[in-house]
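Here the structure comes first, spelled out in structure tokens, and everything after it is commentary.
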Amino acid sequence: MKSNDASRSSARLSRSVVAAAATTLLLGTVVASPLAAAAPQKKPVPTPVAIELGAAPNQDVIPLYTDRAAAVAAALGKLPAIIQDALRRTGVPGASVAVVSDGRTVFNRAYGVRDVRTGVKVDTGTVFPIASLSKPMSATILAKAFTDDPSMSWSTPVRTLMPGFTMGDPYVTDNATVGDYFAHRSGIPTGGGDDLEDIGFDRDYILAHLDEIPLAPFRITYQYSNFGLTAGAEAVAHARGQSYEAMAEQLLFAPLGMTSTTATHDGLLAMPDRAVQHARTGPTEFQPLFDRDADAEAPAGGIASTSGDVAKWMAMVLADGQLDGVRFIDPEPLVEAFSSEVITSHNSALDQRPSHYGYGMNVGSAVGGRVVLSHSGAFGMGTATNATLIPDLDLGITILTNGAPVGLPEAVAQAFVDEVMYGAQTRDWVAAYGARFAHFADPSGDLAGQAPPADATAAGPLSDYVGTYTSPYFGTLTVSQKDGNLYGAMGPDGGYAFAITPWNGDTMAFAPTGENALPGSRSSVVFARDGTDVARVTLTYFNRYPEVEVPSGLGVFTRVR
């Protein structure tokens with residue numbers, strides 16, 4: 001939202017055409033002479049491409065295909081059909097969509113059902129877990145904290161705000177800033193800490209054990225880390241003497257009137273009008289199999305909201321931090337958060353554009369040169385969301401769904417953006433994003449989809465394996481036997497329990513569960529002996545991260561004698 005036309009023109013000095021040339025082709029009198037027919041005709045003079053000049057060359061863009069008001073109105077007219085087509089083709093049970101334009105919510109509609117078992121309809125008041133769409137909201141919360149207390153900033157080392165926090169590398173411990181953790185460049189590998197969350201540990205335990213994780217190179221690698229970002233947010237909350245949840249409510253939710261937004265799972269469950277999460281069970285089939293509790297990583301993925309509340313947040317961001325025409329957040333930390341800070345994917349060919357990330361927000365550009373800010377959220381257990389903002393058009397769209405990620409929110413957002421900018425969709429985005437997200441429902445583990453070897457050897461006596469094993473990272477693993485079968489238990493109070501089944505000798509199998517191990521997952525349990533006695537066991541699924549090629553060593557448990 002811009003306060004008036006003058007403020008808008010400060011960001012866009014003029015709408016001008018580099019050169020506009022109109023060619024008038026004079027068609028002479030038609031005669032029957034063959035010579036006249038054969039006479040060469042003048043070729044039209046090409047019209048130069050129009051450029052809309054900004055305050056600086058890096059703000060120049062290709063103009064919209066028509067004027068802004070007409071473009072947005074036309075796209076809004078097509079949006080219901082775009083949403084309904086995407087829901088029909090993907091089978092996602094329900095969605096809620098909002099569009100902000102010129103500081104106002106100009107579209108807010110709901111589609112489908114909250115729960116396929118009851119058929120209760122989604123409405124605009126339905127609350128959805130927004131998953132990683134929490135990240136840019138948390139970045140906004142911190143920008144507000146820095147506005148209120150300028151002694152803190154994105155450049156403040158986390159160690160100075162939360163002195164007890166350590167990482168596996170002393171240099172990283174001392175120097176990693178709040179911004180480093182929000183930009184995913186601290187070196188924590190993708191998935192670091194998520195494994196502890198999957199087996200039931202809380203935020204305090206996870207943050208206290210991040211120092212066990214081998215780190216990727218500091219500040220020169222991008223590793224998407226839920227608990228890295230959580231550490232950055234927790235540090236600021238700690239310095240303020242409050243919890244992250246209280247900070248979020250005080251600094252963002254309450255001032256913006258986001259009355260249906262919460263940063264706790266209990267808060268979500270207390271909402272009578274809430275969407276049920278649906279896992280993907282077939283190409284276009286979804287069922288409510290899980291309930292994802294993301295409290296441990298609330299700053300990175302634990303917020304739940306309505307599309308209308310998300311729209312209030314988008315409007316404030318698009319207004320450069322103003323709320324009701326008054327400065328609410330200092331533009332400097334807000335712009336810093338939503339600016340390119342790290343390359344997320346390098347181009348593999350010279351004609352490709354790389355991708356970038358700020359402090360909790362993807363930063364890119366459209367074909368015509370306009371900056372596009374976006375972030376998606378996804379739980380494999382049954383949530384997919386997106387928010388996309390185009391600052392120079394003062395335009396934003398959010399799509400919240402209660403189905404596992406299949407690319408629907410991204411497809412709807414991109415189709416809408418295409419319609420605004422170009423007057424038509426550039427490609428079939430449902431198909432394009434569907435292909436990109438196809439692997440999200442794949443099972444995990446080194447034994448997934450495999451059968452035991454035909455020539456497998458028998459395991460030893462069950463008593464060989466029964467016992468207590470420990471890992472500095474995961475804590476205690478208890479292996480027990482009952483009715484001729486082995487079982488494992490780990491996590492707080494042994495709550496993460498699983499069967500251990502024969503595979504090949506001292507190598508056995510188990511089915512990991514959790515957000516990162518959907519149905520069908522299977523991985524090896526490798527018992528190792530010193531002489532004849534079992535001395536160690538490796539849970540292979542817990543001994544590596546998706547982006548790390550070598551074993552982490554964290555999933556190796558030593559037997560307690």
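Every number here is computed from the coordinates shown, using simple stated rules; none is lab data. Given the structure is predicted, the values throughout are model-derived calculations rather than measurements. As a convention, Cβ positions derive from the backbone with ideal geometry for all residues, glycine included, and neighbour counts pool all protein chains shown.
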Cα→Cβ-extended label distance, 7 Å offset, between residue 66 and residue 438, nm: 3.7 nm
Sort 158-168, 173-183 by packing, meaning the average of other beta carbons within 10 Å per residue, with the highest value first. 173-183, 158-168
Where labels lie 7 Å past Cα in the beta-carbon direction, separation of residue 284 and residue 109 in nm: 2.0 nm
Dimensions (Å) - the chain, Cα atoms, principal axes, largest first: 104, 64, 49
What order, most packed first, do the peptides 327-340, 486-499, 448-461 have when packing is the mean number of other Cβ atoms within 10 Å of each residue? 327-340, 486-499, 448-461
Per-pair calculated FRET efficiency, R0 = 25 Å: residue 481 and residue 532 via Cβ, rounded to 0.05: 0.85
Want the number for residue 457 to residue 151: 0.36 nm per residue separation, take away the alpha-carbon distance, what's left? 103.7 nm
Distance from segment 250-274 to segment 446-461 (C-alpha centre basis), Å: 48 Å
Relative to the longest principal axis of the chain, what angle (0 to 90°, nearest 10) does the C-alpha long axis of helix 226-239 take? 90 degrees
Within the chain, how many Lys pairs sit with Cα atoms under 21 Å apart, leaving out pairs fewer than 8 places apart on the same chain? 5
As I understand it, the dipole of the chain uses +1 on the Cβ of Lys and Arg and -1 on the Cβ of Asp and Glu, about the Cα centre. Which of 87, 454, 509 lies farthest toward its positive end? 87
At the level of C-alpha centres, the distance separating segment 306-323 and segment 348-405, in angstrom, is 16 Å
When only C-alpha pairs under 8 Å and at least 6 residues apart count, what is the relative contact order of the chain, in percent? 16 percent
Output for segment 470-561: GluC sites (Glu not before Pro) sitting in coil per DSSP, at most 12 other Cβ within 10 Å, listed by number, reads 549
How do 121, 43, 78 rank when sorted from fewest to most other Cβ atoms within 10 Å of their own Cβ? 43, 121, 78
Residue 355 to residue 78: extension gain in nm, 0.36 nm per residue of separation minus the Cα-Cα distance? 96.9 nm
Against the globular-protein guess of 2.2 N^0.38 Å, express the Cα radius of gyration of segment 462-560 as a ratio, rounded to two decimals. 1.02
At R0 = 30 Å, how high is the FRET efficiency between residue 326 and residue 242 if r is their beta carbon distance? Nearest 0.05 is fine. 0.80
